[in-house]
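The values are calculated or read from the model by the stated rules, or taken from the named source; none is laboratory data. Everything quoted here is computed from the prediction, not taken from an experiment. Positions of Cβ are generated from backbone atoms using ideal geometry, with glycine treated the same way; all protein chains shown enter the neighbour counts.
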Amino acid sequence: MHDIKELISQMTLEEKASLCSGKDFWNLKGIERLGIPSIMVTDGPHGLRKKAGDSSDQIGLSDSVPATCFPTASALAATWNRELIYQVGEALGEECREEKVGVILGPGANIKRSPLCGRNFEYFSEDPYLSGEIAKSHINGVQSQGVGTSLKHYAVNNQEYRRMTIDAIVDERALREIYLAGYEIAVKESQPWTMMCAYNKVNGTYCSEHKYLMDDVLRGEWGYKGLVVTDWGAMNERVKGLTAGIELEMPGVNNGNNAMIVAAVTSGELDEAVLDQAVERILKMIFKTEKTLSEDYQYNRQSHHALARRVAGEGAVLLKNENNVLPLPKTAKIALLGQFAKTPRYQGAGSSLMNPTQLDNIYDEMTKLVGEENITFAPGYHAKQNEIDSELIREAVGTAQKADAVVVCVGLPDIFEVEGLDRGHMRLPQSHNALIEAVAKAHSKVVVVLSNGSPVEMPWANQIQAILEGYLGGQAGAGAIADILFGEVNPSGKLAETFPIKLEDNPSYHYFPGGPNTIEYRESIYVGYRYFDTAAADVLFPFGHGLSYTTFEYSDLQLSQRTLTDNETLTVTLTVKNTGDVAGKRSSNSTCVM
Ligand code: BGC
């Protein structure tokens, strides 16, 4: 045990100030003479992105150590499965242990206010309860390994457009009930070792100096015990930030902020006790990682890959299955169309981009299950192009006509969906839509498999027979798709977000992304299904939707009481019986979120 107060009393003012920012992009500072180690914190959230040792790429985007790439947050949330996400967290924690990483930067619990947010793939849901429950499970899993997390991006960071400066104007009720509620659950029930403050402003004040959000709500009301770190480069005015409760500035850059802290204490502008408290929180966090980082550890790559496959299978959502076209018979001759079947889109682009330990593709995984002779492939489009290639489509249609059933793999290439940019529309690439439409005219058993991080318009939805939303399924996602297509796994994912028919239907449509200075949240609490339900508006697929290969019967519905006062809890019980031929879910002991 370290006597932290005693350690602080031995530090110079300069040393204390210096601990309040990083040593470089990914490491915190240590003080050797006092036995304070320098620890590493790095991305996250759905896999570890640790810059490779001798790489000159300081961010580590192009060169990071291999790690397991799990499905991104959209798919994790669609499992609605706390235990499973806890296991993902555990696995991430184990990988950090092997790589000697003290804190993995994630998860992200921002609300999906608009389907256009470029980072929706990294967020869980439009619903704060579901977001909070999944976030807390992820955090508890990671932290069970003696590794910290960083719950991000606190708060009201719901778009990428002008994310560094935009001022989110949101009313108190929506702020509390929609935008903060998920963080509240996760903070109270998992105490993330760090919280990451967002770049943007909320109601006129940068998050990095928002006393109300940090001190009053986070610490005062929710009882948060950890430290707050800035998003990378989010610090505005350092002294104000420290006073508001933001302890750590990242990344470490020589911007004169430490000298400002020293000057403010010396001039009496900043009470030294505020600095001492920040240093205390930072040291507590650093020492929490001490035991873990001192032990060698090796995780099992195969079992993490298998877990990633299982999660992708539970997170995939069967949106449509007319005439039970799925599961496909294993003896069927199948036309597998779309370049994504061989060049998968499986993870998000931006700071979460990582280097997987292995990468499966749908073509190989399907042939493993039913043999090469049963699968004929045609690319149908070029993986990175929006433009239609008529020759490729003609070839794909020809392939489809010779098959018993057709599987078309489409989705969003990463240039369509990336951190730092919002989407301008909700459409798939023209080349993908054109392929589906051409094949739909040529065959009566067409299954569309989607790889995307957030909803897309599906103008062809009525022309084809089945739709499987695979989300960004991670390195083992392809195997999970093959499992579901052939009935090895029963689809049990349910949407954690509404799929609107068209972009204009969204409640935030007229007020997104706003700018240049402010974005007004005029739809208030009517986010996602809260709006569509209230307005009785049609959607393509509702929140909670997801089909199964089996059927269920519900009976004996009972409520614990007929009337409720504000603080009482209603218990609803019912009997659910699986009346079909296959198991409803592989993991029978899992409890779902609602
Ligand atoms: C992102 C964070 C990320 C950090 C470090 C920022 O730009 O918003 O989510 O953890 O960079 O890569």
Using the structure shown, decide if residue 270 is within 16 Å of the ligand (Cβ to nearest atom) and not small (Gly, Ala, Ser). no
Tally of residues being in contact with a helix residue (DSSP H, G or I) (Cβ under 8 Å, 6 or more places away or on another chain) and either outside any loop (DSSP other than H, G, I, E, B) or more than 16 Å from the ligand (Cβ to nearest atom) (or both) across segment 414-430: 3
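Yes/no per residue for (1) over 10 Å from residue 20 (Cβ atoms); (2) over 25 Å from the mean Cα position of the chain (by Cα); (3) surrounded by fewer than 17 Cβ atoms within 10 Å (Cβ to Cβ):
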| site | (1), (2), (3) |
| --- | --- |
| 225 | yes, no, yes |
| 237 | yes, yes, yes |
| 240 | yes, yes, no |
| 254 | yes, yes, yes |
| 259 | yes, yes, yes |
| 265 | yes, yes, no |
| 279 | no, yes, no |
Could you tell me whether any residue of segment 300-311 is surrounded by 24 or more Cβ atoms within 10 Å (Cβ to Cβ), hydrophobic (A, V, I, L, M, F, W, C) and away from the ligand (no atom under 16 Å from the Cβ)? yes
Look at segment 15-24 and say how many of its residues are in contact with a Gly (Cβ under 7 Å, 6 or more places away or on another chain) and part of a loop (DSSP other than H, G, I, E, B). 2
Qualifying positions in segment 394-421 - out of contact with any Ser or Thr (no Cβ under 8 Å at 6 or more places or on another chain) and closer than 30 Å to residue 123 by Cβ: 407, 408, 413, 414, 415, 416, 418, 420, 421
Scan the strands (runs of 3 or more DSSP E) fully inside segment 58-170 and keep the ones with 1 or more residues being in the same structural domain as residue 285 (by TED's automatic domain parsing) and of a type in the set (Gly, Ala, Ser). 148-154, 167-169
Could you tell me whether any residue of segment 393-416 is under 25 Å from residue 458 (Cβ atoms), buried (at least 20 other Cβ atoms within 10 Å of the Cβ) and in contact with an Asp or Glu (Cβ under 8 Å, 6 or more places away or on another chain)? no
Residue satisfying condition, being without any contact (Cβ under 8 Å) to a residue 12 or more places away in the chain and in the same structural domain as residue 318 (by TED's automatic domain parsing), within set 457, 504, 523: 504
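So that you can scan it fast, the table gives a plain yes or no per residue for (1) touching a residue at least 12 places away in the same chain (Cβ under 8 Å); (2) assigned by TED's automatic domain parsing to the domain that holds residue 345:
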position	(1), (2)
300	no, no
305	yes, no
319	yes, yes
327	yes, yes
332	yes, yes
Residue 347 - would you say it is buried (at least 20 other Cβ atoms within 10 Å of the Cβ) and either closer than 24 Å to residue 364 by Cα or within 16 Å of the ligand (Cβ to nearest atom) (or both)? yes
Can you pull out every residue in segment 229-252 that is of a type in the set (A, V, I, L, M), within 16 Å of the ligand (Cβ to nearest atom) and touching a residue at least 40 places away in the same chain (Cβ under 8 Å)? 229, 234, 246, 248, 250
Looking only at segment 77-96, decide whether some residue is among the aromatic types (Phe, Trp, Tyr), surrounded by fewer than 24 Cβ atoms within 10 Å (Cβ to Cβ) and in contact (Cβ under 8 Å) with a residue 12 or more places away in the chain. yes
